[in-house]
């Protein structure tokens, strides 16, 4: 610690800090544009010039390290003259279009020009104009004349997103921010550039000209689209969500937000929203009153329970339902005598259920991930499934951590990868067994060669090891074995292991007990041995289930399907009653993030049309079915009941015992590898038009190694018929030479592939 | 794709720098491309980026920052005329006028036969010989008069 003085105030600060950091710590504001605490120092806007005693000229506070006894003056005559001079230069070429600029009211240049700008301009010559750029459907760069060339967007792309999609081309007066050969910005974190831009050069395309910033009300919420639990500021006007911004929390999302969280709101008010209860009468859908719909549903359930038996009723929910909804759903099912309830729709191996000691979770805090120095990431489409965790790991890797990958695809993670083993899905178990064996050998001082040994060597050299199982590993048919092996590897390397949760409530579902009891059927069993009646919560069966073919067959054959959904979708084909429920912005609720953080939120707007919060719908259903304990008045009461006596930290436990890992014989034929594309994960995201216009939402292709394509006699780009079970779809073949042999990558969760079967297993590809 | 000659030259250049800092050779690599092709197309920049393990945009930034890289075809012989102060005081305006008369092209243009291109240049650091021009950034010609320009063009015509 060293002592400095800023504006006469004595300050103790760390050696190596810059003047601006020391000043911010002490609550002294220094005007700035290009400086950002999360980005590297550029010192190119010169707005933060301050006077430093004994320095012959003003110094940039963002780039000047403090020194013992330094005396800094941020408001002295010299400093203010310098700052005003810089401001005058910045405004020379800045257009005077604040009245129509989206940034107006939340613009750093506007704010600071009040303090440091002149009342009139001395510059009467022509201003420079910079042509607008098309950066894709999310980030608007129409008015690049507004740009002050601070390069925050460039540094963000380079340093946080990992990919330099923007740069400052040309020089001096001709310098402009642009992409390479008019490319679009495709990063899954691109929206953060909008927040970072201190002026109105980069603005939100979907929000463009929708409202002025001061007209918006701000509501706190929690992200429903991934398992991180990012804090959201949902901004509304006239009972509509118009924009979503991050709420800063250093331990969760820092000051960032993934594009999925930021732009998903565009899917909230589409014409596909289900706005009134509907019943299918004689094959046609009719809008009815809530009372009629609820009675229809309750009578149907009672009829099945009394006739065929309650075990003939199954309940399926998605893991982005709230804790309250999941809790009441399972309570309702158990109240009428059925144990068949599950929220893990894409999981295929449930053998861990009886062998696992608690609710599977991240195994560490999100902040801990940033501190680990060795990673083993097993079966994860990391960048697309967990964009901000990927950014955190990327940051750790930049500081010297080593990331190791075991997976069936080799997507570019935009970070340095120390060791990787890319194998077909059926070889994942064997690969982990090899790593575990190599680790044991490594400990005894023997070293071997090969991929597994290289990974083991990397892990063995770490002080803080994090082993993470991704969505792909959790959906894998040998998920329990993978878990047991990873547990072994973590123990051998004195590290921690955990699950990168798939959805907002992947942990919350366990806490809400929305899992089948000992006699109950899990999500997979409920569909493979069809039930007579199903209750669906937020489920789009053909997109959300591990095996869409099987799910659709079971639902179409059922006598009664009650679909609680925010949208009209394919449920109209198989359901008997549709109950309109509110998405997360229209209901209060709770999400438990993958690190076990319980976060409750309130509704930001009123439910659309006749839609109602699902917890209220379930409560009324409970009353109609005369199940006890359905008299909660608020969602908070439901939450408190669900978590009563539950010690969340104690419930979180990844330990698993009694699982023997066994390598399986290599599969004959092609195996399917399926990811759920980033903008196909849940109902709201699927309907967000701007997200669907991104390159990440392109129609899935059948990706194969070019050797496999050759074997099939198919050219990349040609149409192929992809078949699984009774269904087949027509896709375009594409070559990816980083894929292992014997696999074809076909995305799940997308309408184009919904006619196919299980996410894992054999699949055939032939010329169409 | 970068030609064998270019990659050989880049490899030689790379020996001057630490192995983990391949991007240090970017300016030389772009120069080699221009020497061979006369200009640097975006595809060439992408190839250089791939070869040096750089981001494409970073190569583009370098290529657009430095004036002597041609971002479009500039003819077999690019004549770059200095228009900075010293040259201007010594008559670079007349140089440009004479070149315009002889070649029929203005700044930033190329003759129809693709032989000559005309560019505006920055100070070449040899003001004592003002006004100046360079041929393909390699050969510097000073103390220009109309007769001297005719002589330079005549020599180039012969090649």
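Summary table below
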{"quantity": "Single residue of region A:499-532 satisfying the filter (farther than 20 Å from residue A:327 by Cβ and crowded, with 24+ Cβ neighbours inside 10 Å) that is nearest to the chain's Cα centre (by Cα)", "calculated": "A:500"}
{"quantity": "Members of region A:553-583 that are closer than 18 Å to residue A:283 by Cα and touching a residue at least 60 places away in the same chain (Cβ under 8 Å)", "calculated": "A:559, A:560, A:562, A:568, A:569, A:572, A:575, A:576, A:577, A:578, A:579"}
{"quantity": "Residue list for region B:71-83, restricted to those being out of contact with any strand residue (DSSP E or B) (no Cβ under 6 Å at 6 or more places or on another chain) and more than 14 Å from chain A (Cβ to nearest Cβ)", "calculated": "B:73, B:76"}
{"quantity": "Residue tally, condition part of a loop (DSSP other than H, G, I, E, B) and in contact with a strand residue (DSSP E or B) (Cβ under 7 Å, 6 or more places away or on another chain), over region A:71-127", "calculated": "4"}
{"quantity": "Residue in region A:100-110 that is within 14 Å of chain B (Cβ to nearest Cβ) and touching a residue at least 60 places away in the same chain (Cβ under 8 Å) present", "calculated": "no"}
{"quantity": "Hey, residue B:113 more than 14 Å from chain A (Cβ to nearest Cβ), in a helix (DSSP H, G or I) and either surrounded by fewer than 17 Cβ atoms within 10 Å (Cβ to Cβ) or touching a strand residue (DSSP E or B) at 6+ places or on another chain (Cβ under 7 Å) (or both) or not", "calculated": "no"}
{"quantity": "Residue in region B:97-106 that is within 14 Å of another protein chain (Cβ to nearest Cβ) and in a loop (DSSP other than H, G, I, E, B) present", "calculated": "no"}
{"quantity": "Count of region A:163-177 residues which are surrounded by 24 or more Cβ atoms within 10 Å (Cβ to Cβ), touching a residue at least 24 places away in the same chain (Cβ under 8 Å) and either over 13 Å from residue B:65 (Cα atoms) or within 8 Å of another protein chain (Cβ to nearest Cβ) (or both)", "calculated": "2"}
{"quantity": "Whichever residue in region B:7-63 is outside any helix (DSSP H, G or I) and within 14 Å of chain A (Cβ to nearest Cβ) and, among such residues, is farthest from residue A:182 (Cα to Cα)", "calculated": "B:20"}
{"quantity": "All positions within region A:247-264 that are more than 21 Å from residue A:683 (Cβ to Cβ) and either assigned to a helix (DSSP H, G or I) or in contact with a helix residue (DSSP H, G or I) (Cβ under 7 Å, 6 or more places away or on another chain) (or both)", "calculated": "A:251, A:252, A:253, A:256"}
{"quantity": "Meets criteria (over 19 Å from residue A:326 (Cβ atoms), in contact with a helix residue (DSSP H, G or I) (Cβ under 7 Å, 6 or more places away or on another chain) and surrounded by 20 or more Cβ atoms within 10 Å (Cβ to Cβ)) for residue A:604", "calculated": "yes"}
{"quantity": "Considering residues of region A:113-159 that are within 14 Å of chain B (Cβ to nearest Cβ) and under 25 Å from the mean Cα position of the chain (by Cα) only, the residue surrounded by the most Cβ atoms within 10 Å (Cβ to Cβ)", "calculated": "A:153"}
{"quantity": "So residue A:440, is it in a helix (DSSP H, G or I), more than 22 Å from the chain's Cα centre (by Cα) and surrounded by fewer than 21 Cβ atoms within 10 Å (Cβ to Cβ)", "calculated": "yes"}
{"quantity": "Subset of region A:758-768 (residues that are part of a loop (DSSP other than H, G, I, E, B) and either surrounded by fewer than 20 Cβ atoms within 10 Å (Cβ to Cβ) or at positive phi (or both))", "calculated": "A:761, A:768"}
{"quantity": "Matching residues, region B:81-106, being in contact with a helix residue (DSSP H, G or I) (Cβ under 7 Å, 6 or more places away or on another chain) and exposed (fewer than 15 other Cβ atoms within 10 Å of the Cβ)", "calculated": "B:102, B:106"}
{"quantity": "Criterion violated by residue B:67 - all others in (1) away from chain A (no Cβ under 14 Å); (2) under 19 Å from the mean Cα position of the chain (by Cα); (3) modelled with pLDDT under 95 satisfied", "calculated": "(1)"}
{"quantity": "Candidates A:11, A:20, filtered to the one that is out of contact with any strand residue (DSSP E or B) (no Cβ under 7 Å at 6 or more places or on another chain) and buried (at least 19 other Cβ atoms within 10 Å of the Cβ)", "calculated": "A:20"}
{"quantity": "Filter result (in contact with a helix residue (DSSP H, G or I) (Cβ under 6 Å, 6 or more places away or on another chain) and either within 23 Å of residue A:685 (Cβ to Cβ) or not in a loop (DSSP other than H, G, I, E, B) (or both)) within region A:734-746", "calculated": "A:735, A:746"}
{"quantity": "Boolean, residue A:400 is more than 30 Å from residue A:670 (Cα to Cα), assigned to a loop (DSSP other than H, G, I, E, B), modelled with pLDDT of 95 or more and more than 20 Å from the chain's Cα centre (by Cα)", "calculated": "yes"}
{"quantity": "Verdict on residue A:207 being at the interface with another protein chain (Cβ under 10 Å from one of its Cβ atoms) and in contact with a strand residue (DSSP E or B) (Cβ under 7 Å, 6 or more places away or on another chain)", "calculated": "no"}
{"quantity": "Failed item, numbered, when residue B:78 is tested on (1) more than 21 Å from residue A:170 (Cβ to Cβ); (2) out of contact with any helix residue (DSSP H, G or I) (no Cβ under 8 Å at 6 or more places or on another chain); (3) in contact (Cβ under 8 Å) with a residue 40 or more places away in the chain", "calculated": "(1)"}
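The values are calculated or read from the model by the stated rules, or taken from the named source; none is laboratory data. As the structure is a prediction and not an experimental result, all values here were calculated from the model. We place every Cβ from the backbone using ideal geometry, glycine too, and count neighbours over all the protein chains shown.
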